[in-house]
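All remarks here apply to the structure that follows.
We did not get these values from a lab; they are worked out from the coordinates using the rules stated. Keep in mind the model is a prediction, meaning the values are calculated, not measured. Methodologically, a virtual Cβ is constructed for each residue, glycine included, from the backbone with ideal geometry; neighbour enumeration extends over all protein chains shown.
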Amino acid sequence: MGRIGEGADLLFYEGLHGGVVTESNDVAKHVDLLIGMVPIVNLEWIQKIVRDTNKRGHNREAVTASIVRSMEDYISFITPQFSRTHINFQRVPTVDTSNPFSAKAIPTLDESFVVIRFREVKNVDFQYYLRMIDGSFMSRVSTLVVPGGKMGLAMELILTPLIRDLMERKTLANKQLDWMSDL
């Protein structure tokens, strides 16, 4: 990873360990807005099998062995991060994914719902989201469900104001620092 440029206003990290906490590292404590993007596990395995066989040239047996080898890390390091996120977007197919090891294709967004869970996010206007996202509904007090094909719209509606708020708070903090440096 390269150095972050001076004056950078925002760091967007996409990867597996954005909220990891271990005995020696706590990445999550440095994150202002932690977003989880997680398919249900069978969908995740289907995606890996299809990607690794079609794009990386691996055979199904090698990919399956890789999945088995990674289970301890998956349980210990990957899944706990989703309990730390502010918002999770979890894709859930509406087609049969019961045996990911025999699947030939990845279910499409239109063959899915996206379960969006909010944790410790203030001022969530669920009624606005329900009006703006056709086919959406609430499954729990803090959980919005949207049709998979509306995931991009949902992300835009939900994340844009949160990122804008982060940037406004940064601007205010910088103004306070500038004011203090004049003393």
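Can you tell which of Ile75, Ile163, Ile49 shows the greatest fluctuation in a Gaussian network model of the chain with Cα springs below 10 Å? So, out of Ile75, Ile163, Ile49, the one fluctuating most is Ile75. Reported to the nearest whole Å, the Cα centre-to-centre distance from segment 87-141 to segment 59-81 is 23. For segment 1-78, chymotrypsin sites (Phe, Trp or Tyr not before Pro) meeting the loop criterion (DSSP other than H, G, I, E, B) and having at most 16 other Cβ atoms within 10 Å: Phe12, Tyr13.
Peptide packing: for 146-159, 121-134, the average count of neighbouring Cβ atoms within 10 Å per residue gives the ranking 146-159, 121-134, highest mean first. With neighbours defined as other Cβ atoms within 10 Å of a residue's Cβ, the residues Thr108, Thr97, Thr64 order from fewest to most as Thr108, Thr64, Thr97.
Considering only beta bridges that DSSP places wholly inside the chain, some 75 percent are antiparallel. When +1 charges are put on Lys and Arg Cβ atoms and -1 charges on Asp and Glu Cβ atoms, the dipole computed for segment 1-129 relative to its Cα centre reaches about 280 debye. Dividing the C-alpha radius of gyration of the chain by 2.2 N^0.38 Å, with N its residue count, gives 1.23.
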